[in-house]
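**Q** What follows is a structure written as structure tokens; I'll ask about it next.
The values are calculated or read from the model by the stated rules, or taken from the named source; none is laboratory data. Please read these numbers as outputs of a predicted model, since none were measured by experiment. Cβ coordinates were reconstructed from backbone atoms using ideal geometry, including for glycine residues, and neighbour counts include every protein chain displayed. Heads up: the accessible areas ignore ligands, DNA and RNA and are worked out on the full protein's heavy atoms, side chains in. Shrake-Rupley method; radii C 1.70, N 1.55, O 1.52, S 1.80 Å.
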Amino acid sequence: MLITIASVSFGVGLPAAWIGIPGWTVPAVAVPAVVCVAGLLLLRPGLLRHPVPAPHRRRRVAGTG
């Protein structure tokens, strides 16, 4: 999570510095955003995964064997 916070701060901080936004606002926005997303992923672990049917539950198409 620390690596993610650092990455998000770096990714948001470069454009913020380029635009002229004060540096203290970047971690003030990035850290709560990362913590909220981490909490959502803990509550709903399949949130980012595509639902792929298990091989034994797939329908067989006629003529494919």
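**Q** Just to verify a result, which residue in the stretch 22-55, among those that are more than 19 Å from the chain's Cα centre (by Cα) and at pLDDT 80 or above, is most open to solvent (accessible area, probe 1.4 Å)?
**A** My answer is 24.
**Q** Kindly indicate the residue of the stretch 1-21 that is out of contact with any helix residue (DSSP H, G or I) (no Cβ under 8 Å at 6 or more places or on another chain) and not in a helix (DSSP H, G or I) and also most open to solvent (accessible area, probe 1.4 Å) among those meeting that condition.
**A** Once the filter is applied, the top-ranked residue is 21.
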